[in-house]
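Written below as structure tokens is the structure these notes are about.
The values are calculated or read from the model by the stated rules, or taken from the named source; none is laboratory data. Only a predicted model underlies this, so the values are computations on that prediction, with no experimental measurement involved. A quick note on method: Cβ atoms are made from the backbone with ideal geometry, for glycine too, and the neighbour counts reach across all protein chains shown. The area values use the complete protein model at the heavy-atom level, side chains included, leaving out ligands, DNA and RNA. Shrake-Rupley method; radii C 1.70, N 1.55, O 1.52, S 1.80 Å.
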Amino acid sequence: MTMPRRDRALGSPLRENRTAGSARGDGPKKLRRIGEGTAVKAVDQQRGSAKATVSRPVPTHHTLDHAHLREILRRRVRDGVLLRLIGKWLNAGVLEDGSLSYPEAGSPQGGVISPILANVYLHEVLDVWFEQQVRPRLKGRAFLVRYADDAVIVFSEEDDAHRVQEVLPKRFGKYGLALHPEKTRLVPFQRPPKYPVPKGRPEPVPPGKVDLLGFTHIWTRSRKGNWVIRRRTAKGRLTRALTRVNDWCKTHRHQPLKEQWRTLVQKLRGHYGYYGIIGNSWSLDRFRSEVRRLWQRWLGRRSQRGYVTWKEMERLLERYPLPGPQLSSRVLPA
């Protein structure tokens, strides 16, 4: 969707790269891999008892406090015309079920300015606060990665992680925000020992898993036997993608085979384009095999006598092959 001219003029001064640490707003999908690659690099550099605090606010678009937002915008934008335009945008009423209301919090849902305002708001609430007030008071190293309303904070000291976890809800509550109770947690993510623990010594706490931007980050051994961080497609994202493919195959099972094949190829390539990174081949192979199984399933339900056997499906795939995974060795996109 092309932004109107005045919206582009409004977004330009707000999108200036003044973010602290590695914060990203809603933008092109390739920015997700930038922030995620930075997170992996930061976690990989930690030693000892690294802890990762995974946090996610309750949807920011509904809880933006207008008074705090205007104060933040006045510090970033000097153009009075833009400030008045944003004020009109925020003061616009919301029509629901025939009744017009004027909420004191939140931004226009579905408006092109809403993601920008939410990112500017979280930048002041979380990013600047963490860089200027939190990090100087920590005993060890720490790193914050945020993309829109998904954030991960990595600590090298466990005490620092607990301290920040206690004060984080208070900080968000001051600005009218709340943390998601199920998606905010403290995860041990230290590097496992290289060699087995001798008998008689207590076993160390195994590292957990961190979900960020559709990937599950885990510790695993490389071919040389060293511990490295691998990224797999998150279970929820894989299930969601397969559900969409299943619904599409069910709805379009009566279309010509060539048209179905073209669409499925596009869906596979789109999935590979985002999740096709080194270390994630198992998840990609599983996605491809499940797509093939779902296609066969719904082709066999086009009629009562239309059951498709595996041999028939193999002959069909020889004529209409589904592309295999394409992996990229780059953490950051070109």
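Overall size of segment 214-264 from C-alpha positions, given as principal axis extents largest first: 50, 21, 10 Å. Amide H to amide H, with H built 1.01 Å from N, residue 300 comes under 5 Å of 308, counting only residues 5 or more places away or on other chains. Once backbone amide H atoms are built at 1.01 Å from N, residue 151 has 55 as its partners under 5 Å, excluding neighbours fewer than 5 places away on the same chain. Between the listed residues 222, 263, 281, the Cα displaced farthest toward the positive end of the dipole of segment 202-334, a dipole computed from Cβ unit charges relative to the Cα centre, is found at 263.
For segment 174-259, the share of alpha carbon pairs falling in successive 5 Å distance bins from zero is 3, 10, 12, 14, 13, 11, 10, 9, 7, 6, 3, 1, 1, 0 percent. Taking N as the residue count of segment 120-243, its C-alpha radius of gyration divided by 2.2 N^0.38 Å amounts to 1.25. In this Cβ point-charge picture (+1 for Lys and Arg, -1 for Asp and Glu), segment 180-334 has a dipole of about 160 debye about its Cα centre.
Rolling a 1.4 angstrom probe over segment 229-319 with all protein chains present gives an accessible area of which 45% lies on carbon and sulfur atoms. Taking θ as phi - 60° and the Karplus parameters 6.51, -1.76 and 1.60, the scalar couplings of segment 154-165 work out to 10, 10, 8, 10, 5, 4, 4, 5, 5, 5, 5, 5 Hz in sequence order, x denoting glycine and proline.
Between amide H atoms placed 1.01 Å from N, distances below 5 Å from residue 212 occur with 217, all of them 5 or more places distant or on a separate chain. Taking segment 207-281 as the region of interest, the number of lysine pairs whose Cα atoms are within less than 24 Å, with members eight or more places apart or on different chains, is 7. Charges were assigned to the Cβ only: +1 to each Lys and Arg, -1 to each Asp and Glu. The resulting dipole of segment 123-191 about its Cα centre is roughly 140 debye. Here, P(r) means the percent of Cα pairs in each 10 Å bin from 0 to the largest distance; for segment 233-313 it is 17, 49, 27, 7, 0.
Rounded to the nearest Hz, the phi-derived 3J(HN,Hα) couplings of segment 297-313 under the Karplus curve 6.51 cos²θ - 1.76 cosθ + 1.60 (θ = phi - 60°) are 4, 7, 5, x, 10, 6, 7, 5, 10, x, 4, 10, 7, 5, 5, 5, 5, where x marks glycine and proline.
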